[in-house]
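Structure, as structure tokens:
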Amino acid sequence: MTITRKSVGLTVFLILLLGLLAACAAPAATETGAMAEEEAEEEMAAEPTEPWYDEADVMSDHIHVCTDSPPKYGGEVVVAGAAGAMTGSNWFIFSARDDYLFSQLIDRDTDAVSIHPDVATSWEVSADGLTYTFNLRDDVRFHDGEQLTAEDVKYSLEMFFHPDTGASHGRTSGLDQLVGAAEFEAGEADEITGIKVLDDYTVELNLVAPRGSVLLNMASFNIWPKHLLEGTAFADLGETEYAVRNPVGSGPFTMGDFEPDQFYILEANEDYYAGRPYLDQIIFRIGLTGATAYAALENGEIHMAGRVTATEYERYKDDPSIVLLGDKIAGGLTVFPNQNRPLWQDVRIRQALLYSLDREAMAEAYYGDLAEVLHLRLTNPEFVSPNIATYPYDPDKARALLEEAGWDSDLVLDFITYYQDDQSKRIHAAIQQYWNDVGIQVELIYLDGPAWVDRVLENDDFHLAYACCGWFNPDQLRLSLGCDRGWPAGRNAGHYCNEEFDQLSEDAMSEPDPQKRKEMLHRATEIITEEAGEIPIFWPRRYSAFSADVCNNIYRQLDEPFAERYPVNWYLAGE
């Protein structure tokens, strides 16, 4: 069970309130026994008649419930925030799925598949799969009091599609089949004609071809206020007040005080359509990371310290005051050989990269219980063939493949990454040594994130690149690995290209028969693994450390960069 609304909690409080009112109205008792009996009856009346949590959630890895503390209002939660928080265009690029300040049309449960309403109360899909009609609530208001309408939905979708905003959602999702989307992205049209506003509370999406994952994609973008942003050039949106200092959404919290490089505060939205959140405030301490954040969590200064390494995981896993929430991420850490270079177009050499790595040993040594070997960046088991190639450690086979391919062992090639923490550096050194043992020499080059993007994605200036992550949505096989999906049209960093793979994964996106779709995707996953189109390394479990006092806390990584948190439901334990 995923608790996404507060109806159960409100029921508890109504029961408590009725019990107290009944007690106040009761006649005074004169006998000691009668008084004791009355007090016992009052105590029983104050107990919830039904639990506020699902027993199945108690042992969950991604939901923390408080079995001794029913929901209550008030208090603040302090969160360790990244150093880059609230700078530039972050709210447009990195908060495409933000559930603190923004609403979405529809929302995903923590099972990553089930859909429930958010701003949309209902939706219909035409028999041919080409038309989606969403009916909106008429009681949703932005934080400035203005009504949210279908015009805001249309504007927000076009904002994500427009290349000048820097947001990548439109170019890497199944919504690329919207009528007029290609023309809009190319600057040949002023709007996406496939998005139609039928009235204030009805929006229609029209597709060129059916897409099975439209609903999943619609649950992954924020609705922004058109009335505040229209008239500003798309290229300038990231520098507006609404991106840098005062993002305005319609979600459960509103933007409060903000001190650059220090903190920002989110305030409870008293007018949130689904009901006021339990917490009064969420305070983000900007730049509080690593050991400093963990110390602050242990001292009770903050409630959420962020992602833990294997060391902190072992330290905290048996600590009753700290909760570790998380799970396997969508996809994982992968090496991308640049197949625009002739050197990496030989499948034997790419296969040798995999056979030469003892990924099992590295996972155990550097992650312990927090990772396993990754074989494919698509991690939805329904759509991954059981017959994919998996490449066990076999250095002799790697050497034989290299010799057969005429490999020049004197070459020294760049190996570029943006992961610069100590654990990652040890992993990179191990990879470097394994490859060196079979005659592949690499030079490790560390860059910050923007420099990595510039060199690898923008300028195609690399041989091997190491990065994260993957997907649960099978459409991303085509949308991120297709021949035509190099940056910025997609994230095919290694420029893998196979026309049969493209056709299968393309056809699967519009195939209405579930079994046929699965068969197409199974064959596509077999092709890319047989060809070692990418070099998957680890599939990590990401856990974050939280105070056990934060109840109804949900954290699950569904797809990069989106995680489900549902802060509207957080509350603090207490008497």
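Given the residues 511, 499, which is the only one that is modelled with pLDDT under 95 and either surrounded by fewer than 23 Cβ atoms within 10 Å (Cβ to Cβ) or on the phi < 0 side of the Ramachandran plot (or both)? Walk me through it before giving the result.
On the way: 499 fails: modelled with pLDDT under 95.
Residue meeting the stated conditions: 511.
Can you pull out every residue in the range 338-356 that is in contact with an Asp or Glu (Cβ under 8 Å, 6 or more places away or on another chain) and either open to solvent by 10 Å² or more (accessible area, probe 1.4 Å) or under 15 Å from residue 529 (Cβ atoms) (or both)? Reasoning before the result, please.
From the range 338-356, those in contact with an Asp or Glu (Cβ under 8 Å, 6 or more places away or on another chain) are 338, 340, 347-348, 350, 355-356; that's our starting set.
Within the range 338-356, 340, 347, 348, 350, 355 qualify.
From the set of residues in the range 309-323 that are in contact (Cβ under 8 Å) with a residue 40 or more places away in the chain and closer than 23 Å to residue 76 by Cβ, which is nearest to the chain's Cα centre (by Cα)? Give the derivation first.
So in the range 309-323, the residues in contact (Cβ under 8 Å) with a residue 40 or more places away in the chain come out as 309-310, 312-314, 316, 320-323.
Subsequent filtering for residues that are closer than 23 Å to residue 76 by Cβ retains 316, 320-323.
On the way: 316: 24, 320: 27, 321: 26, 322: 23, 323: 20 Å.
Result: 323.
Which of the residues belonging to the range 320-332 are surrounded by fewer than 15 Cβ atoms within 10 Å (Cβ to Cβ) and in contact with a strand residue (DSSP E or B) (Cβ under 9 Å, 6 or more places away or on another chain)? Full working, then the answer.
Keep residues of the range 320-332 that are surrounded by fewer than 15 Cβ atoms within 10 Å (Cβ to Cβ), which gives 320-321.
Across the range 320-332, the qualifying residue is only 321.
Please enumerate the residues belonging to the range 141-168 that are at pLDDT below 90, surrounded by fewer than 17 Cβ atoms within 10 Å (Cβ to Cβ) and small (Gly, Ala, Ser).
Across the range 141-168, the qualifying residue is only 166.
Residues to consider are 405, 365, 389; find the one that is at pLDDT below 95, open to solvent by 10 Å² or more (accessible area, probe 1.4 Å) and of a type in the set (Gly, Ala, Ser).
On the way: 405 fails: at pLDDT below 95; 389 fails: at pLDDT below 95.
365 is the lone residue from the list that is at pLDDT below 95, open to solvent by 10 Å² or more (accessible area, probe 1.4 Å) and of a type in the set (Gly, Ala, Ser).
Taking the stated definitions as given, is residue 410 of a type in the set (D, E, K, R) and out of contact with any Lys or Arg (no Cβ under 9 Å at 6 or more places or on another chain)? First the steps, then the outcome.
Working: of a type in the set (D, E, K, R): yes; out of contact with any Lys or Arg (no Cβ under 9 Å at 6 or more places or on another chain): yes.
Answer is yes for this residue.
Determine which member of the set 377, 359 is among the basic types (Lys, Arg), open to solvent by less than 20 Å² (accessible area, probe 1.4 Å) and farther than 21 Å from residue 422 by Cβ. So that I can check it myself, show each step before the final result.
Working: 359 fails: farther than 21 Å from residue 422 by Cβ.
Going through 377, 359 in turn, the sole match is 377.
Among the residues of the range 360-402, write down those that are farther than 30 Å from residue 517 by Cβ, in contact with a Phe, Trp or Tyr (Cβ under 8 Å, 6 or more places away or on another chain) and among the charged types (D, E, K, R).
Of everything in the range 360-402, those that are farther than 30 Å from residue 517 by Cβ, in contact with a Phe, Trp or Tyr (Cβ under 8 Å, 6 or more places away or on another chain) and among the charged types (D, E, K, R) turn out to be 360, 369, 394, 397.
Considering only strands (runs of 3 or more DSSP E) fully contained in the range 301-384, which possess at least 2 residues that are of a type outside the set (A, V, I, L, M)?
Values: elements: 304-307, 322-328, 333-337, 371-373.
Here the list reads 304-307, 322-328, 333-337.
Of the conditions (1) buried (at least 18 other Cβ atoms within 10 Å of the Cβ); (2) at pLDDT 95 or above, residue 395 fails just one. Which one is it?
(1)
Go over the candidates 192, 115 one by one and state the one that is touching a strand residue (DSSP E or B) at 6+ places or on another chain (Cβ under 7 Å), among the β-branched types (Val, Ile, Thr) and either at positive phi or modelled with pLDDT of 90 or more (or both). Please lay out each step first, then the result.
Working: 115 fails: either at positive phi or modelled with pLDDT of 90 or more (or both).
Testing whether each residue is touching a strand residue (DSSP E or B) at 6+ places or on another chain (Cβ under 7 Å), among the β-branched types (Val, Ile, Thr) and either at positive phi or modelled with pLDDT of 90 or more (or both) leaves just 192.
Residue-by-condition table, conditions (1) closer than 18 Å to residue 316 by Cα; (2) open to solvent by less than 20 Å² (accessible area, probe 1.4 Å); (3) modelled with pLDDT under 95; (4) not assigned by the TED database to the domain that holds residue 431:
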residue	(1), (2), (3), (4)
521	no, yes, no, no
524	no, yes, no, no
531	no, no, no, no
535	no, yes, no, no
544	yes, yes, yes, yes
553	yes, yes, yes, yes
558	no, yes, yes, yes
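Of the residues that make up the range 440-457, is at least one of a type outside the set (Gly, Ala, Ser), within 17 Å of residue 377 (Cβ to Cβ) and crowded, with 23+ Cβ neighbours inside 10 Å? If you could, list the steps in order and put the result at the bottom.
Restricting attention to the range 440-457, the residues satisfying the condition of being of a type outside the set (Gly, Ala, Ser) are 440-448, 450, 452-457.
Cutting the leftovers down to within 17 Å of residue 377 (Cβ to Cβ) gives us 456-457.
If we keep only those that are crowded, with 23+ Cβ neighbours inside 10 Å too, we end up with 456.
The answer is yes, given that some residue of the range 440-457 is of a type outside the set (Gly, Ala, Ser), within 17 Å of residue 377 (Cβ to Cβ) and crowded, with 23+ Cβ neighbours inside 10 Å.
Which members of the range 477-496 meet the condition of being touching a Leu at 6+ places or on another chain (Cβ under 7 Å) and either open to solvent by 20 Å² or more (accessible area, probe 1.4 Å) or among the polar types (S, T, N, Q) (or both)?
So the first thing to find is which residues in the range 477-496 are touching a Leu at 6+ places or on another chain (Cβ under 7 Å), and the list is 477, 485, 487, 490, 492-493, 496.
Matches in the range 477-496: 485, 487, 492.
The values are calculated or read from the model by the stated rules, or taken from the named source; none is laboratory data. Only a predicted model underlies this, so the values are computations on that prediction, with no experimental measurement involved. Glycine gets a Cβ as well: all are built from the backbone with ideal geometry, and neighbour counts include every protein chain shown. Note: accessible area is taken over every heavy atom of the protein model, side chains too, but ligands, DNA and RNA are not part of it. Shrake-Rupley method; radii C 1.70, N 1.55, O 1.52, S 1.80 Å.
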